[in-house]
Amino acid sequence: MKKNICKVALIPARSGSKRIKDKNIKLLNGHPLIAYTISAAISSDVFHSVIVSTDSKKYKDIAESYGAIVSLRPKEYAGDSSPDISWVTYVLNELSEKGQEFDLFSILRPTSPFRMPETIK
């Protein structure tokens, strides 16, 4: 019998971009940039959960309106030089404390808005 592998999509969306202010929520064809990654992840039917990790209440509200679950991360995990492992560990530990365990995760950056669900599959 094949084991059901539990997968989670993790979408990093910090608010402190230096080069393009609020780039993750800039509008592209009428939708925030992050919406395209959330939509592709959900539509792929690959993941049990699609989670946006952000340090912003504004980003949180936008992500939730497009169907993502949101993890608000502390500012120390949202800096220019914060390594991915810091916020990934934070989110996975937060989920584990809630009794949600995942076997695999994928990081899907919101700055790839043309990624299709088929690409994720």
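The values are calculated or read from the model by the stated rules, or taken from the named source; none is laboratory data. If you're wondering where the values come from, they're calculated on a predicted model, not measured in any experiment. Please note: Cβ atoms are built from the backbone with ideal geometry, for glycine as well, and neighbour counts cover all protein chains shown. Side chains included, ligands, DNA and RNA excluded: accessible areas come from the protein's heavy atoms. Shrake-Rupley method; radii C 1.70, N 1.55, O 1.52, S 1.80 Å.
Which aspartates and glutamates have a Cα less than 17 Å from the Cα of K18, not counting those fewer than 8 places away in the same chain?
Cross-link targets: D55, E76, D80.
Suppose the chain between I5 and K26 were pulled fully straight at 0.36 nm per residue; how much longer would it get relative to their current alpha carbon spacing? The partial results should precede the final answer.
Values: separation 21, 0.36 × 21 = 7.56 nm, distance 3.43 nm.
Difference between extended and current length: 4.1 nm.
Give me the percent of the accessible area of segment 28-85 that comes from carbon and sulfur atoms, probe 1.4 Å, all protein chains in place.
Using a 1.4 Å probe with all protein chains present, segment 28-85 comes out at 54 percent carbon and sulfur.
Can you list the trypsin sites (Lys or Arg not before Pro) in segment 35-106 that are in a DSSP coil and have 12 or fewer other beta carbons within 10 angstrom?
Values: sites: K57, K58, K60, K75, K98; in loops: K98.
Here the sparse-neighbourhood loop sites are K98.
Which stretch or stretches of segment 42-65 have amide N atoms under 11 Å from the point lying 7 Å from Q100's Cα along the Cα→Cβ direction?
48-53
Rounded to the nearest whole Å², what accessible area per residue is found for segment 1-93 with the 1.4 Å probe?
On the way: 5120 Å² over 93 residues.
Spelled out: the 1.4 Å probe surface of segment 1-93, per residue, equals 55 Å².
If you place +1 on the Cβ of every Lys and Arg and -1 on the Cβ of every Asp and Glu, how big does the dipole about the Cα centre of the chain come out, in debye to the nearest 20? Present the calculation step by step, with values, prior to reporting the outcome.
Numbers: 18 positive and 13 negative charges, 77 e Å.
Computed charge dipole of the chain: roughly 360 debye.
Averaging the inverse of every distinct alpha carbon separation and then flipping it gives the Kirkwood radius. What is it for the chain, in angstrom units?
Details: mean 1/r = 0.0685 Å⁻¹.
It works out to 14.6 Å.
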